[in-house]
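Some notes on the structure that comes next.
The values are calculated or read from the model by the stated rules, or taken from the named source; none is laboratory data. Remember, predicted model here, so these are calculated numbers, not experimental data. Cβ placement follows ideal geometry from the backbone for every residue including glycine, while neighbour counts extend to all protein chains displayed. These accessible areas exclude ligands, DNA and RNA; they are computed on the full protein's heavy atoms, side chains included. Shrake-Rupley method; radii C 1.70, N 1.55, O 1.52, S 1.80 Å.
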Amino acid sequence: MASTITTIIEKYKKDTTRLMDILIDIQEQEGYISKQTIKEISVALEISTVDVQQTISFYHFFNTKAPGKFNIYLNNSVVANMMGRKDVANAFEDAAGCKFDSATKDGLIGLYNTACIGMSDQEPSAIINGKIFTNLTPFRAKEIINDIKAGKSLKELQVEGNGDGKNGSELINSMVCNNIRKKGPILAENYNPYNIIKNILPQHTPEEVIEQVKASNIRGRGGAGFPTGLKWEFCRKAKGDIKYIFCNADEGEPGTFKDRVILTERPRLLIEGMIIAAFAIGASEGVLYVRHEYKYLQKHFESYLDEARNKNLLGKNIADIKGFNFDIRIQFGAGAYVCGEESALIESAEGKRGEPRDRPPFPVEKGYLDKPTVVNNVETLCSIVKILTFGTDLYKTYGTSESSGTKVLSISGDCKYPGIYEVEWGFNVYNILEMVGSDIKNIQAVQVGGPSGTLLAPNEFRRILGYEDLSTGGSLIIFNKERDILNDVVLNFMNFFIDESCGSCSTCRIMPVVLRDKVQKIANGHGVIKDVDDLLEWSKVLKASRCGLGQTAANPIVSSVKNFRYLYESKVQMDKDYDTGFNIANAVEDYIQASGRNASLN
Ligand code: SF4
């Protein structure tokens, strides 16, 4: 009988470009990917063990050693910390009897830190063996550990099916809540699913569809804001026998969770958007790249793909349009924020490390498997369906002249009603704070666009969301006056970028660490005024980085120095020109820990 590993490799037809799927499936079956397994994969795929190892080592969620039987990945994002993550982490450690990033001696429980898991509206949250546990408290953490020790199953640990909407369905069965607080034209269910495919596409040419998308002025909703119609046109005109449409559902920016809700509640809208894009650019295959943290949605989303196949909306001669053959597969990531960058996402879908490519060539010319590829954001593709349903003129009545339409926002932090809000572009931050029930007088700052975005002070709350002012992928995190901007926000964001850098560029590999250490030095009271100026000057070096991650990695510092310079200056030593910040006790701390020796440093 074939081994599990052989069966999985055969399932993917020994295709090296499906290495991610092979590794994900093996880990799901075996718990981890052993040295022996790596050898077996390399032999079967006829690639070196190094090729297999380099992919494994790139992603947070692949294990090469046996982890615990129950593995608890607790989110350490800024919002999780604000909502009491530290007490929950302590409770897990006390009850389990092991520290984070280790497993108990009997191998029953593993505790691990992880970056934002897309649950900022219900923190602190954790992933336990693929299931999401939200709104954790120290009591609940102890209860979970005690239940594990008492021999309860994963199913018995979770509070079953009490999430709202489709989260409670049999195929998701999750305690996650959607928290949809405000619907606009994109989130509203005021349309007839697949009507565009069945009744509109057969009457139009791909070029006519592209013209309508161009006329709507819609720009990519991922943050970069490239005009969608133009992107489609470039790909349509690119030379290539095969073309691909990718949907980027790898939202990993801390504070972002809107794609989670769309994947849960509007799967038909997204599938229809991908089919329309395929028709327009001439794609025969679609790949929905979903972040690993949303794997709990797999069966749910696949059921909607099956439904579309059964209705001849995916497959051959779709909607009786002769020669329109197209299908969609789901590609899961394995935990790497940089894969949200379109060329890194393509590398990952090809089974490799998710390292961004040099550009040009752009993916529309040479993308997935070197073929012309369009990568669109979830929200962009959903918007297209509504644009074609209700017309470009109506769509353009929403928003501003430069930013037409609406934006789905993920809002979290210090507010009464964290969740998903669809608003017109042009909303100002002040409007939003009122809408989400924040105590405006007590708000110190708002982070717009995740760590790579802008940290606004109250004097900028009249600024508007839109490509002409605050361009954003949709994350807003609100901080009240009790939050420590330097320690809790800036350092958390810098550590996030340091962890998530792919390491290709020396600037991005080194400078965030140097800058983070300088902020830490200032926060510790060892800084001088020149350190603050150095932060701004040295940040410029990062602009030479290859991709957006590195280019924006200093933004938490640059925008906090710009808007909250007084916080930095309140901590520096004004009477000194120079301080190394060197502290011998801290410098030898690791040595003391490792050697078990303690020596007086006085
Ligand atoms: Fe990798 Fe950073 Fe360079 Fe981007 S900027 S390619 S994340 S090292």
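Assuming charge only on the beta carbon of Lys and Arg (+1) and of Asp and Glu (-1), the dipole of the range 301-372 about its Cα centre is about 200 debye to the nearest 20.
A Förster distance of 25 Å, applied to the separation of the beta-carbon atoms of residue 99 and residue 510, puts the FRET efficiency at 0.30. Start at zero, step by 10 Å, and the Cα-Cα distances of the range 1-104 spread as 13, 38, 24, 18, 7, 0 percent across the bins. Rg/Rh for the range 527-596 (Cα atoms only, Rh after Kirkwood) is 1.12. Taking N as the residue count of the range 146-210, its C-alpha radius of gyration divided by 2.2 N^0.38 Å amounts to 1.92. When restricted to Cα atoms, the range 376-491 yields an Rg and a Dmax of 15.0, 48 Å, respectively. Tell me which lysines have Cα within less than 23 Å of residue 576's Cα, excluding those fewer than 8 residues away on the same chain? Within the straight-line limit of under 23 Å, residue 576 reaches these lysines: 518, 521, 530, 562. For the range 157-256, applying the loop criterion from DSSP together with a ceiling of 15 other beta carbons within 10 Å to the GluC sites (Glu not before Pro) yields 160, 170, 189. At a temperature of 4 °C and a viscosity of 1.567 mPa s, determine how fast the range 147-282 diffuses translationally according to Stokes-Einstein, using the Kirkwood radius over alpha-carbon pairs as Rh; express D in µm²/s, rounded to the nearest whole number. Taking Rh from Cα pairs, D becomes 73 µm²/s. A 1.4 Å probe, protein heavy atoms only, puts the accessible area of residue 60 near 80 Å².
Straight-line cross-link partners of residue 39 among the lysines, defined as a Cα under 19 Å from its Cα and at least 8 positions apart when in the same chain: 11, 13, 14, 65, 352. The lysines within cross-link reach of residue 258, meaning a Cα-to-Cα straight distance under 20 Å and a gap of 8 or more places when in the same chain, are 131, 166, 182, 183, 295, 299, 386, 407, 416. Size check on the chain: the Cα extents along the three principal axes, sorted descending, read 84, 65, 46 Å. Between residue 200 and residue 237, what FRET efficiency comes out of the Förster formula 1/(1 + (r/R0)^6) with R0 = 22 Å and r the beta carbon distance, rounded to 0.05? It comes out at approximately 0.45. Compared with the alpha-carbon gap, the fully stretched path from residue 597 to residue 434 is longer by 53.1 nm at 0.36 nm per residue. Counting 0.36 nm for each residue step from residue 90 to residue 284 and taking away their Cα separation leaves a gain of 64.8 nm. Dividing the helix sum by the residues of the chain, where each DSSP H run of 4 or more adds -39500 (n - 2.57), gives a mean residue ellipticity at 222 nm of -11500 deg cm²/dmol.
With 0.36 nm allotted per residue and the present C-alpha distance subtracted, the residue 69-residue 565 stretch has 173.8 nm of extension available.
Averaged over its residues, the range 187-255 has an accessible area of 44 Å² per residue, based on protein heavy atoms and a 1.4 Å probe. Here the label points at residue 322 and residue 54, each 7 Å from Cα along the C-beta direction, are separated by 4.7 nm in the simple model.
Can you give me the accessible area per residue for the range 1-133, using a 1.4 Å probe, in Å²? Provide the component values of the computation, followed by the final result.
Numbers: 5900 Å² over 133 residues.
Computed with neighbouring chains in place, this is 44 Å² per residue.
In the range 312-377, the ratio of gyration radius to Kirkwood radius, Rg to Rh, stands at 1.07 when only Cα atoms are counted.
Per the Cα gyration tensor, the range 293-403 maps to an equivalent ellipsoid with semi-axes of 26, 22, 17 Å, ordered largest to smallest. Our coupling estimate for the range 225-239, obtained by passing each phi through the Karplus curve with A = 6.51, B = -1.76, C = 1.60 and θ = phi - 60°, is x, 6, x, 5, x, 5, 4, 5, 5, 4, 6, 4, 7, 5, 6 Hz, Gly and Pro reported as x.
Using a probe of 1.4 Å, the accessible surface attributed to residue 25 totals some 30 Å² when neighbouring protein chains are kept in position. Taking only alpha carbon atoms, the range 409-448 gives an Rg to Rh ratio of 0.91, where Rh is the Kirkwood radius. Element breakdown for the chain at a 1.4 angstrom probe: carbon and sulfur atoms account for 49% of the accessible area. Heavy-atom accessible surface of the range 269-332, averaged per residue, reaches 33 Å², computed with a 1.4 Å probe.
Restricted to Cα atoms, the range 257-330 shows a radius of gyration and a Dmax of 12.3, 38 angstrom.
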